[in-house]
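Bear in mind that the values in this text are calculations on the coordinates, not laboratory data. Predicted model only: the values in this text are computed from it and were never measured. Heads up, the Cβs are rebuilt from the backbone with ideal geometry, glycines too, and the neighbour counts pull from every protein chain shown.
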Amino acid sequence: MTDDHEIPVRVRPEIAALPPYRQGRQAGAEAFKLSSNENPFDPLPGVVDAVRGASALNRYPDATALRLRERLADRFGVTADGVHIGAGSVSIIAQLIAATSGPGDEVVYAWRSFEAYPGLAVVAGARSVQVPLDADAGHDLDAMAAAITDRTRAVIVCTPNNPTGTIVTQAAFDAFVARVPADVLVILDEAYAEFVTDPAAVRGETVLAAGRPNVVVLRTFSKAFGLAALRVGYAVGHPRVLDAARSTAIPLSVTAQAETAALASLDVEDELRERVAVIAERRDRVAAGLRAAGWRVPQAQGNFVWLPSGEATAAAAVRFDAAGLIVRAFPGDGIRISIGEEEAVDKVLQIAASVVEDLP
Ligand code: PMP
C-alpha cells in the first residue's frame, strides 16, 4: 500500500488545497432535507412520462440542445444562438469564468454568496475578489464597482443572493452595469428568479431588452421547475459571449433526458408556477415567524431564509439536526433553511424560536 503522500501524480497546489463541493446530508425518512434549496414537490406526471419517452440510452444527446434553446429563445425574444444550455447553471458559471478569467485575472463577487464561485475561480487560475455584503446582507454594488480593476474580467451578481435571500433592484443593477467597463463580463445569476415577488427586483428580461452585450443572464430548471436531479440550466445573452462558454463546455454533458424534461416542464409551466407561489407564500410566513421570534432575517426572496447566527451557528445547526431538520450551516456566520414541505414549517419556527433565546 502506498501512503497518500507518496502518490506521484502532481496536482496543482491550489487544487490540492481546494475542498470539494460540500452537499447537505441526505435525509432519511424521518428528516426534512432543507439544506439544498430544492423544490419539495414531486415532478408532474407529464414530465416523468416525457423523460421515459426521451431518446434511447445508447445514443448521444443533441450536443447543443437546439429544441430547448429555440423554446427559451422565443420566451426571451432572442435568437437560438443567444441561449446556451448547461448541465446545471453551475456548469455555465464555470464555463464563463474559464472563458474570461485566467491566471492573474480577477473575478469580483459579493461574499457571502453561492459557495461554488470561489472554487470555480481557483480552477480557472483566476483570483477571487470578494466584496463583503452590506449591513442588510445584500450586495454592496458601490463597493463592487469600486473593486473593479484593469485585471477584472468577470463580475458575478447573485440575486436573490444565495444564502442571504436579498435582491438587487433593477435601478441599482442598471446603475452598476453603467459603471462596469464594456469588456468585463457581468454574470447575473438568477437561479431563484421565479420565487421573487418584490416588483423592484432586477429581471433578466429587462436587462436583456436594454441590449447590454456584456451581461449574461443565468437561470436553472433545478429550483422553481424542480428538476435538480437532471442537471439543466441555461444562459441568455450575446451570442458571441455565449460562444466562449460553448467553447469551454465539456461536450455532450446535457443529457437528452434533461432537455426533454425541461421542455415538458415548460409545457406545464402554469401548474409549476402555482407551486412556486405556494413556496413563496410559505417563505413569507416562515420569514415573518422568524422575525417575530426575534431573528434578524434579511429580505427573503428565494426559496430559503437566512438566520444570522454568527458564532452560535454550529451549535444551532446541531439542534435543528437533532429535531429532524437538515439545514445548511455556514460556521461563524449563519444558517440557511430551504422552504420545503408544509409539515416542516411549524417545526422550523419552533426550533428557531428556542435557538434564538440562547443567542449571545
Ligand atoms: N446559482 C446559485 C445562486 C445557486 O444557488 C445554485 C444552486 N444551488 C446554482 C447557481 C446552480 O444550480 P444548478 O447547477 O442546479 O442549475
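Observations
- Average projection, convex hull of the Cα set of the range 62-168: 7.7 square nanometres.
- The range 55-267 - Debye-derived log10 I(q)/I(0), Cα point model, q = 0.13, 0.16 Å⁻¹: -0.68, -1.05
- Under Karplus coefficients 6.51, -1.76 and 1.60, residue-wise ³J(HN,Hα) of the range 130-144 in Hz, glycine/proline x: 9, 9, x, 5, 7, 5, 9, 6, x, 5, 9, 5, 4, 5, 5
- Extent along the principal axes, Cα only, for the chain: 61, 54, 49 Å, with the longest axis given first.
- Relative contact order (%) - the chain, alpha-carbon pairs under 8 angstrom, separation at least six: 22
- Beta bridge orientation in the chain: antiparallel %, DSSP, nearest 5: 45
- For the range 291-303, 3J(HN,Hα) per residue [Karplus equation, 6.51 cos²θ - 1.76 cosθ + 1.60, θ = phi - 60°, Hz, x = Gly/Pro]: 5, 4, 7, x, 7, 8, 7, x, 3, 10, 10, x, 9
- Dipole magnitude (debye, nearest 20) for the range 55-267, charges at Cβ of Lys, Arg, Asp, Glu: 520
- Per residue, the chain reaches -11500 deg cm²/dmol at 222 nm when only DSSP H runs of four or more residues are counted, each adding -39500 (n - 2.57).
- By DSSP, the beta bridges lying fully in the range 165-281 are antiparallel in about 55 percent of cases.
- Point-charge dipole on Cβ atoms (K/R +1, D/E -1) for the chain, about Cα centre, debye to 20: 500
- Most fluctuating residue given options Y117, Y21, Y234, as computed from a GNM of the chain linking Cα atoms under 10 Å: Y21
- Within the listed set Q301, Q257, Q350, the residue fluctuating most in the Gaussian network model of the chain (springs between alpha-carbon atoms under 10 angstrom) is Q350.
- Centroid-to-centroid separation of the range 339-358 and the range 94-157 [C-alpha atoms, Å]: 33
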